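Worksheet: the structure to be examined is printed underneath.
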Amino acid sequence: MSIFSASTNSFRREAPEEKTILVTRKHEINLLMPLYTALGIALIPFLIYLSIKSQSWYYVFSALYWSLYFLYLLVLWSLAFYNVMIYFLNNVVVTDRRVIENHQRGFFNHESNELELDKIQDISVKIAGSVAHFLDFGDIEIQSAGTDRKFIFTRLPNPEKIKETIMQLKMKSG
Amino acid sequence: MFNFFPLLFAIILIAYAWYSFSIIYHLIRFGIGKHPKVLALVFFFGSFLLFALFLFSYNRVDWKQMLEFLFHS
């Protein structure tokens, strides 16, 4: 039953004495848009209630109506928090040794990619569109030395700052 | 005669409990920092409250009155 034991690391597979410098995830707009949509959908039955409450037959069905409404809210609440979970577990961790990309695809379905700082050859930032400029989010592409492998992190907030942080750490590491 | 609905309710309840546990487990175990842990707590209390409200309002449903209204109106 190891799943119930406490983890001593601040993230999965953290090396001993490894220092976490930065943890970032997609811009908040990626989380807030579905949540606002869910909130809008949650209010629809309440608006229906406002239009039917004066009907003569409403009192007969009111208890059933509200029980179904609370069930509906429970389903929406659970789906919203599934999205919250996916949002928070899809992240990029920058440590004093490496850059780690965590992909959570669903329950118990996780993928992790990492790149050591001294293998980073080039980092480029791409900010495309007026919304991205206004909210300051963009894509970061990291090219590693010796391989054709590229790390592409999409829709990260403050991409220039993240790039600077990684470059500074790379300079320090050697 | 075998009543199918309590069994169906139990299956849905177990599936929902597993789903909720998985969300809380992932947020607490794999979330980095304080925010995911706080959100797991918010999810737990919100789910508990909504489930309690559902059960409370469902218990107040007068099926007899509803059926009478439907078939005698």
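Which members of region A:142-173 meet the condition of being small (G, A, S) and not in a strand (DSSP E or B)?
Across region A:142-173, the qualifying residues are A:A145, A:G146, A:S173.
Conditions: (1) surrounded by 10 or more Cβ atoms within 10 Å (Cβ to Cβ); (2) not in a helix (DSSP H, G or I). B:F2 meets all but one. Number of the miss?
Answer for B:F2: the failing condition is (1).
If you scan region A:20-44, which residues turn out to be closer than 27 Å to A:G138 by Cβ, open to solvent by 80 Å² or more (accessible area, probe 1.4 Å) and within 14 Å of chain B (Cβ to nearest Cβ)?
Listed by number, the list holds a single entry, A:E28.
Is it the case, given these coordinates, that A:S124 is surrounded by 15 or more Cβ atoms within 10 Å (Cβ to Cβ) and more than 30 Å from B:S47 (Cα to Cα)?
No, not satisfied.
Quick check on A:S112: is it surrounded by fewer than 19 Cβ atoms within 10 Å (Cβ to Cβ) and either at the interface with chain B (Cβ under 9 Å from one of its Cβ atoms) or in contact with a strand residue (DSSP E or B) (Cβ under 8 Å, 6 or more places away or on another chain) (or both)? Lay out the reasoning, then the answer.
Numbers: surrounded by fewer than 19 Cβ atoms within 10 Å (Cβ to Cβ): yes; either at the interface with chain B (Cβ under 9 Å from one of its Cβ atoms) or in contact with a strand residue (DSSP E or B) (Cβ under 8 Å, 6 or more places away or on another chain) (or both): yes.
Considered against the rule, which asks whether it is surrounded by fewer than 19 Cβ atoms within 10 Å (Cβ to Cβ) and either at the interface with chain B (Cβ under 9 Å from one of its Cβ atoms) or in contact with a strand residue (DSSP E or B) (Cβ under 8 Å, 6 or more places away or on another chain) (or both), A:S112 comes out as yes.
Just one of (1) within 12 Å of another protein chain (Cβ to nearest Cβ); (2) within 20 Å of the chain's Cα centre (by Cα); (3) surrounded by fewer than 19 Cβ atoms within 10 Å (Cβ to Cβ) trips up A:V93, so point out which.
Going through (1) within 12 Å of another protein chain (Cβ to nearest Cβ); (2) within 20 Å of the chain's Cα centre (by Cα); (3) surrounded by fewer than 19 Cβ atoms within 10 Å (Cβ to Cβ) one by one, A:V93 breaks only (3).
Say whether the condition of being without any contact (Cβ under 8 Å) to a residue 40 or more places away in the chain, open to solvent by 70 Å² or more (accessible area, probe 1.4 Å), at the interface with chain A (Cβ under 7 Å from one of its Cβ atoms) and touching a helix residue (DSSP H, G or I) at 6+ places or on another chain (Cβ under 7 Å) is met by at least one residue in region B:42-58.
Scanning region B:42-58 turns up at least one residue that is without any contact (Cβ under 8 Å) to a residue 40 or more places away in the chain, open to solvent by 70 Å² or more (accessible area, probe 1.4 Å), at the interface with chain A (Cβ under 7 Å from one of its Cβ atoms) and touching a helix residue (DSSP H, G or I) at 6+ places or on another chain (Cβ under 7 Å).
Take B:I32 and tell me if it is open to solvent by less than 60 Å² (accessible area, probe 1.4 Å), assigned to a helix (DSSP H, G or I) and either β-branched (V, I, T) or more than 30 Å from A:L35 (Cα to Cα) (or both).
Details: open to solvent by less than 60 Å² (accessible area, probe 1.4 Å): yes; assigned to a helix (DSSP H, G or I): no; either β-branched (V, I, T) or more than 30 Å from A:L35 (Cα to Cα) (or both): yes.
In short, no.
Sort out which residues of region A:45-86 are exposed (fewer than 11 other Cβ atoms within 10 Å of the Cβ) and under 22 Å from B:L55 (Cα atoms), and write them in order of number.
Of the residues in region A:45-86, the ones exposed (fewer than 11 other Cβ atoms within 10 Å of the Cβ) are A:46-47, A:50-51, A:54-56.
Across region A:45-86, the qualifying residue is only A:F46.
The values are calculated or read from the model by the stated rules, or taken from the named source; none is laboratory data. These figures come from a predicted structure and were not determined experimentally. Here the Cβ is made from the backbone with ideal geometry for all residues, glycine too, and neighbour counts use every protein chain on show. Ligands, DNA and RNA are excluded from the accessible area calculation, which covers all protein heavy atoms including side chains. Shrake-Rupley method; radii C 1.70, N 1.55, O 1.52, S 1.80 Å.
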